[in-house]
Amino acid sequence: MAEIFVAIDGPAGSGKSSISKQAARRLRYNYLDTGAAYRALAWWVLERGMSPADSDAIVEALPDWDYDIGVDPDEYFVTVGETDITEAIREPRVSSAVSGVARVPEIREHVNALFRSIMRSAPRDGIIVEGRDITTVVAPDAPVRILLTASEEVRMARRSAELTTENATEVADQLRKRDAADSRVVDFMTAAEGVVTVDSTTLNFDQTVDAVLDVIRQQT
Ligand code: C5P
């Protein structure tokens with residue numbers, strides 16, 4: 001049963017998913033990607049032909065949303081019902097829909113309750129939970145709380161490097177729009193009191209993982 005909770009927040013493209021996953025591997029902790037849950041919900045909403053803007057219909061349908069996520073960093077998966085949507089939740093149509101779904105307070109409450117129960121029942125000693133409001137809303141009492149940032153320029157460049165030049169501008173635009181929409185709901189650009197900022201602007205992947213591990217070791 002997990003007893004050590006590590007909360008990590010940050011904007012899109014900050015690398016928090018890959019960094020958190022790697023840090024969890026190194027510590028033999030579990031790992032929870034909360035953004036993947038919002039994406040799984042957005043995917044399901046689209047799949048059912050609902051509008052991501054129809055919050056009443058989504059809230060009403062929520063009890064039917066049968067979602068599961070892997071918390072082992074080496075066996076990561078996301079399913080809805082019998083369907084594996086680990087890859088599908090990264091599609092641009094899902095990225096475009098997700099902020100609209102995530103802005104609804106009733107949806108956030110439902111999803112947060114799910115996160116807290118996954119955290120409590122995680123099998124390993126510790127769990128790293130990453131998202132936008134983990135340090136402030138989901139686990140404000142976590143012994144380790146980190147805000148992972150990088151300059152906008154570097155975040156866009158890192159994302160673009162994973163893509164072809166044709167769609168790099170489009171993706172950068174989408175990231176900016178998503179951050180702007182998400183910032184209206186939760187503040188993940190400034191560290192709340194007691195939250196340690198790790199700025200990865202001048203760090204490579206391994207250095208960022210080490211910086212995060214240093215904070216975790218100092219605080220546990
Ligand atoms: O982390 P990722 O970019 O995959 O998150 C996808 C979306 O899920 C975000 O753009 C945001 O709308 C939503 N989200 C959220 N709160 C979280 C994690 C993600 O609102 N804790």
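The values are calculated or read from the model by the stated rules, or taken from the named source; none is laboratory data. Fair warning: this is a prediction, and the values are worked out from it, not measured in the lab. Cβ placement follows ideal geometry from the backbone for every residue including glycine, while neighbour counts extend to all protein chains displayed. Side chains are part of the model used for accessible areas, which takes the heavy atoms of the whole protein and leaves out ligands, DNA and RNA. Shrake-Rupley method; radii C 1.70, N 1.55, O 1.52, S 1.80 Å.
Considered as a group, the residues in segment 80-131 that are more than 18 Å from D179 (Cβ to Cβ) and of a type in the set (S, T, N, Q) include one that is surrounded by the most Cβ atoms within 10 Å (Cβ to Cβ), and that residue is N112. With respect to V6, determine if the residue is more than 10 Å from the ligand (Cβ to nearest atom), buried (at least 24 other Cβ atoms within 10 Å of the Cβ) and in contact (Cβ under 8 Å) with a residue 40 or more places away in the chain. So V6 fits the description; yes.
Residue-wise test of (1) within 20 Å of K177 (Cα to Cα); (2) not in a loop (DSSP other than H, G, I, E, B).
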residue	(1), (2)
A7	no, yes
S20	no, yes
A24	no, yes
W43	yes, yes
G49	no, no
P52	yes, no
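Being in contact with a helix residue (DSSP H, G or I) (Cβ under 9 Å, 6 or more places away or on another chain), at pLDDT below 95 and within 15 Å of the ligand (Cβ to nearest atom) narrows it down to one residue among A150, A139; which is it?
A150
Among the residues of segment 132-152 satisfying the criterion of being in a strand (DSSP E or B) and in contact with a Phe, Trp or Tyr (Cβ under 8 Å, 6 or more places away or on another chain), which is surrounded by the fewest Cβ atoms within 10 Å (Cβ to Cβ)? This residue is V144. Under the condition of being modelled with pLDDT of 90 or more, open to solvent by 50 Å² or more (accessible area, probe 1.4 Å) and closer than 24 Å to P140 by Cα, the residues counted in segment 188-219 number 10.
Look at D173 and say whether it is more than 15 Å from the chain's Cα centre (by Cα) and within 21 Å of A102 (Cα to Cα). Break it down stepwise before answering.
Details: more than 15 Å from the chain's Cα centre (by Cα): yes; within 21 Å of A102 (Cα to Cα): yes.
Spelling it out, D173 is indeed more than 15 Å from the chain's Cα centre (by Cα) and within 21 Å of A102 (Cα to Cα).
Of all residue pairs spaced 6 or more apart or on separate chains, those with beta-carbon atoms under 7 Å, a first member in segment 27-41 that is in contact (Cβ under 8 Å) with a residue 40 or more places away in the chain and near the ligand (Cβ under 10 Å from one of its atoms) and a second member that is assigned to a strand (DSSP E or B) and among the acidic types (D, E) are D33/E130; T34/E130.
So which residues in segment 63-78 are touching a residue at least 24 places away in the same chain (Cβ under 8 Å) and either surrounded by fewer than 16 Cβ atoms within 10 Å (Cβ to Cβ) or under 30 Å from L27 (Cα atoms) (or both), if there are any at all?
The answer is Y67, I69, V71, D72, P73, D74, Y76, V78.
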